[in-house]
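Below: one structure in structure tokens.
The values are calculated or read from the model by the stated rules, or taken from the named source; none is laboratory data. Predicted model only: the values in this text are computed from it and were never measured. Note that each Cβ is placed from the backbone with ideal geometry, even for glycine, and that neighbours are counted across all protein chains shown. Areas reflect the complete protein model, heavy atoms only, side chains present, ligands, DNA and RNA absent. Shrake-Rupley method; radii C 1.70, N 1.55, O 1.52, S 1.80 Å.
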Amino acid sequence: MTIDEITVVADHLLRRPRPAFEERSEPYCTREELEEMLDRHKGTPGIRKARLALEQARVGADSAPKTRLRLALERAGLPNPELNQPTELGFGVVREPDLGYREQRVAVEYEGEGHSEPAQIVRDIEREEDYSRAGWHLVRISKRHMGNDARSAVSKVLAAMQERGWTPK
């Protein structure tokens, strides 16, 4: 496995569950538990890659594509985004963007296959309207943007960030 593939696994293990969608309320493990496990297996083939993956793992990504997107954005020099953090967009309107840049008011949503269902399309339109009313720029990413090291996805997010006044360092 590559370091990024191991990072996807680590993100999944550290992920905060969503009790409304699954039958658990705690992550599979904590970062500390993963670190202890790696310490117990010093010298094991691949342990160095696992340590590097854990360094780039974060709590909050809900899927492998979202982890891959985050890694691509960070490698492109964009700031570390917030992951699935409640964001108040107006009175009683709270959204949790997959990746969020609060300072620039840019939300990034990765839309997998489930977003083609009619009911989900309606919810996605409502979500986009909520962001727009609050003055946020919503960047929608799909599988087609993730090819070629996610260059298209990075380009879309970079353009939105620069439009909102962010400049690379």
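When the stretch 78-111 is examined, which residues are found to be among the hydrophobic types (A, V, I, L, M, F, W, C) and either open to solvent by less than 40 Å² (accessible area, probe 1.4 Å) or not in a strand (DSSP E or B) (or both)? If you could, list the steps in order and put the result at the bottom.
Going through the stretch 78-111, the residues among the hydrophobic types (A, V, I, L, M, F, W, C) turn out to be 78, 83, 89, 91, 93-94, 99, 106-108.
Leu78, Leu83, Leu89, Phe91, Leu99, Val106, Ala107, Val108 - these are the residues of the stretch 78-111 that are among the hydrophobic types (A, V, I, L, M, F, W, C) and either open to solvent by less than 40 Å² (accessible area, probe 1.4 Å) or not in a strand (DSSP E or B) (or both).
While we're on this one: Can you tell me which condition Gly135 does not meet? The list is (1) surrounded by fewer than 16 Cβ atoms within 10 Å (Cβ to Cβ); (2) assigned to a loop (DSSP other than H, G, I, E, B); (3) in contact with a strand residue (DSSP E or B) (Cβ under 7 Å, 6 or more places away or on another chain); (4) of a type outside the set (Val, Ile, Thr), and all the others hold.
Of (1) surrounded by fewer than 16 Cβ atoms within 10 Å (Cβ to Cβ); (2) assigned to a loop (DSSP other than H, G, I, E, B); (3) in contact with a strand residue (DSSP E or B) (Cβ under 7 Å, 6 or more places away or on another chain); (4) of a type outside the set (Val, Ile, Thr), only one is false for Gly135: (3).
Restricting to the stretch 138-148, what's the tally of residues that are open to solvent by 20 Å² or more (accessible area, probe 1.4 Å), hydrophobic (A, V, I, L, M, F, W, C) and in a strand (DSSP E or B)?
Start the filter on the stretch 138-148 by keeping residues that are open to solvent by 20 Å² or more (accessible area, probe 1.4 Å), which leaves 138, 140, 142-144, 146-148.
Within this subset, residues satisfying the condition of being hydrophobic (A, V, I, L, M, F, W, C) are 138, 146.
If we keep only those that are in a strand (DSSP E or B) as well, we get 138.
Qualifying residue count, the stretch 138-148: 1.
Another one. Can you confirm whether Glu55 is closer than 22 Å to Pro81 by Cα and loosely packed, with under 11 Cβ neighbours inside 10 Å?
Details: closer than 22 Å to Pro81 by Cα: yes; loosely packed, with under 11 Cβ neighbours inside 10 Å: yes.
Considered against the rule, which asks whether it is closer than 22 Å to Pro81 by Cα and loosely packed, with under 11 Cβ neighbours inside 10 Å, Glu55 comes out as yes.
Identify all residues within the stretch 35-77 that are more than 13 Å from the chain's Cα centre (by Cα), closer than 26 Å to Glu113 by Cβ and in a loop (DSSP other than H, G, I, E, B); write none if there are none.
Ala76, the sole residue that qualifies.
OK, next. Since Glu109 meets every condition but one in (1) in contact with a strand residue (DSSP E or B) (Cβ under 8 Å, 6 or more places away or on another chain); (2) acidic (Asp, Glu); (3) at positive phi, which condition does it not meet?
Only one criterion is unmet by Glu109, namely (3).
Run Gly165 past the list (1) touching a residue at least 40 places away in the same chain (Cβ under 8 Å); (2) open to solvent by less than 50 Å² (accessible area, probe 1.4 Å) and report the number of the one that doesn't hold.
Just one mismatch for Gly165, condition (2).
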